[in-house]
Amino acid sequence: MKIIQTAERVSQQDQSDNYVFQRSLLAYLEAAKLVSGRVLEIGTGSGYGVEIIAPHTDEFVTVDKYQSGLERNSTDQKGNITFLQMKVPPLKDIPTGSFDFVITFQVIEHIREDEFFLKEIHRVLKSGGKLIVTTPNKKMSLTRNPWHVREYSIDELERLLLIRFTNIQTLGVFGNAAILDYYERNKQSVKRITRFDIFDLQHRLPRRLLQIPYDLLNRLNRKKLLSSNQELVTGITHEDYRIQTADDSCFDLFFIAEKA
């Protein structure tokens, strides 16, 4: 199954995605400071995180439901990298207690069986191993995203992780003035679109019926923001974001959880 390029899968080539891409990039750069040993990534995406994480590992296994392009390169060429195509959960054929770290960025909100998903991550981690997970902070979402099964608040994700994990670090991704400027411009743009939804269909209709319209409008909105604010949008870098203790104003949750 080939990768599907929706607004959910950000591109480093598309300038209109830069605001989201740089936020995603920060998660990999921060994770690279923490990981070691055998590392499993769930959600390869376009694969831009591989070259950031792999040099810090003894072995890096990355999985995705779609082809990533990595599978066309042999493990020998990439050294310590293996790509596996699979739909999760479960983590099929991955041995119990085999990884020091699991990273999964912007994935759990797409998983219907989120508790089973975390159970499988817990299973494949070694004792003392750690999960690093990011997901949007629902308190900062501007509208319903029909590609997401659900989104989480700080308390909701922490409670979910505490079912199986210990020592939860509840961090979040924040932005500086440039990021807040973009967010406010985006917020006003979204309001102009959603004001036509007088029957609140975005919350009433099944999410699958909304996915294509949402994707088209989201893409058009990003393009419009780029054309009217090109210097702002293209000037954003990962350094405009920072990670600190999470609160309701963070854009993403960045949690670290340990297997006892």
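Screening Phe116 with (1) out of contact with any helix residue (DSSP H, G or I) (no Cβ under 8 Å at 6 or more places or on another chain); (2) among the hydrophobic types (A, V, I, L, M, F, W, C); (3) assigned to a strand (DSSP E or B) gives one miss only, at (3).
The residues on offer are Leu131, Leu157, and the sole one that is closer than 25 Å to Gly49 by Cα, out of contact with any Asp or Glu (no Cβ under 6 Å at 6 or more places or on another chain) and part of a helix (DSSP H, G or I) is Leu157.
The residue pairs whose first member lies in the stretch 58-76 and is farther than 20 Å from Val88 by Cα and of a type in the set (S, T, N, Q), whose second member is modelled with pLDDT of 70 or more and surrounded by fewer than 17 Cβ atoms within 10 Å (Cβ to Cβ), and whose beta carbons are closer than 6 Å, counting only pairs six or more residues apart or on different chains, are Thr75/Thr82.
Would the stretch 68-84 turn up any residue that is modelled with pLDDT of 95 or more, in a loop (DSSP other than H, G, I, E, B) and closer than 26 Å to Val20 by Cβ? No; the residues of the stretch 68-84 include none that is modelled with pLDDT of 95 or more, in a loop (DSSP other than H, G, I, E, B) and closer than 26 Å to Val20 by Cβ. Here the stretch 125-144 is the region considered, the condition is being in contact with a helix residue (DSSP H, G or I) (Cβ under 7 Å, 6 or more places away or on another chain) and under 16 Å from Ala31 (Cα atoms), and the residue that is surrounded by the most Cβ atoms within 10 Å (Cβ to Cβ) is Thr134.
In the list Ala178, Ala260, which residue meets the criterion of being out of contact with any Pro (no Cβ under 7 Å at 6 or more places or on another chain) and closer than 22 Å to Lys130 by Cβ?
Working: Ala178 fails: closer than 22 Å to Lys130 by Cβ.
Just one listed residue meets the conditions, Ala260.
Test Ile42 against the stated conditions and say whether it is β-branched (Val, Ile, Thr) and surrounded by fewer than 19 Cβ atoms within 10 Å (Cβ to Cβ). When the stated conditions are applied, Ile42 does not pass them.
Does Gln244 meet the test of being closer than 30 Å to Lys119 by Cα, of a type outside the set (A, V, I, L, M, F, W, C) and touching a Cys at 6+ places or on another chain (Cβ under 9 Å)? When the stated conditions are applied, Gln244 passes them.
In the stretch 13-29, the qualifying residues are those that are touching a helix residue (DSSP H, G or I) at 6+ places or on another chain (Cβ under 6 Å) and polar (S, T, N, Q), and the one that is farthest from Glu231 (Cα to Cα) is Gln22. Residues in the stretch 149-201 that are over 18 Å from the mean Cα position of the chain (by Cα) and small (Gly, Ala, Ser): Ala177, Ala178, Ser189.
Does the stretch 10-33 hold any residues that are assigned to a loop (DSSP other than H, G, I, E, B) and aliphatic (A, V, I, L, M), and which are they?
Just the residues of the stretch 10-33 that are assigned to a loop (DSSP other than H, G, I, E, B), to begin with: 10-14, 33.
Of everything in the stretch 10-33, just one residue is assigned to a loop (DSSP other than H, G, I, E, B) and aliphatic (A, V, I, L, M), namely Val10.
Taking the criterion of being crowded, with 16+ Cβ neighbours inside 10 Å and over 18 Å from His148 (Cα atoms), the residues of the stretch 195-223 that qualify are Asn221, Arg222. Examine the stretch 158-176 for a residue that is within 25 Å of Glu239 (Cα to Cα), among the aromatic types (Phe, Trp, Tyr) and touching a strand residue (DSSP E or B) at 6+ places or on another chain (Cβ under 6 Å), and state whether such a residue exists. Checked the stretch 158-176: at least one residue is within 25 Å of Glu239 (Cα to Cα), among the aromatic types (Phe, Trp, Tyr) and touching a strand residue (DSSP E or B) at 6+ places or on another chain (Cβ under 6 Å).
The values are calculated or read from the model by the stated rules, or taken from the named source; none is laboratory data. Here the structure is a predicted model, which means the values were calculated and not measured. A quick note on method: Cβ atoms are made from the backbone with ideal geometry, for glycine too, and the neighbour counts reach across all protein chains shown.
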